[in-house]
Amino acid sequence: MWLAHLIDVINSEELEVPVRETGVLTSYLKLDAPGAYNISGYVLYGGKKTGKRSIQLEVGSPKRHFPLPAIGAAGTLIAIILTLIIFKINVVRLHNR
C-alpha cells in the first residue's frame, strides 16, 4: 500500500524568460531516507499556472565505501619509508667502504 505525505516544499529563484523562449528552473531537495519519492511541481507566470508535472524517484540506502584513499595514502607512506631506509642503508655502505 502506498502511503503519501508531504515531506518538503521546494521553491526556486525567480527566473525571467523572454517570450517564445524557454528557461530552466533549478531547485534542490535533499532526500535523507531510502524509499520511493514522487516530486510534483508547477510554474506560476503572469498570473497563470502551468499544469502539474511529476517525477518518481527511488532512493536506495547508502553503500559502504571501501576506504581507498586511506589505503592509497598508507601505501604511499610505506613506499616513502622504504625508500628512506634503502637510501640510509646505501649511505652507510658507501661510508664503510
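Of all residue pairs spaced 6 or more apart or on separate chains, none has beta-carbon atoms under 8 Å together with a first member in region 29-41 that is under 14 Å from E58 (Cβ atoms) and a second member that is of a type in the set (D, E) and surrounded by 10 or more Cβ atoms within 10 Å (Cβ to Cβ).
For V9, state whether it is exposed (fewer than 10 other Cβ atoms within 10 Å of the Cβ), closer than 27 Å to G60 by Cβ and either out of contact with any strand residue (DSSP E or B) (no Cβ under 9 Å at 6 or more places or on another chain) or of a type outside the set (D, E) (or both).
Yes.
Would you tally the residues in region 1-55 being assigned to a loop (DSSP other than H, G, I, E, B) and basic (K, R)?
Of the residues in region 1-55, 3 are assigned to a loop (DSSP other than H, G, I, E, B) and basic (K, R).
For region 50-73, the candidate set comprises residues that are surrounded by 10 or more Cβ atoms within 10 Å (Cβ to Cβ) and at pLDDT 80 or above; within that set, the residue that is nearest to the chain's Cα centre (by Cα) is V59.
The values are calculated or read from the model by the stated rules, or taken from the named source; none is laboratory data. This structure is a prediction, so every number in the text was calculated from the model and none was measured. Every residue, glycine among them, receives a Cβ derived from its backbone with ideal geometry; neighbour counts consider all protein chains shown.
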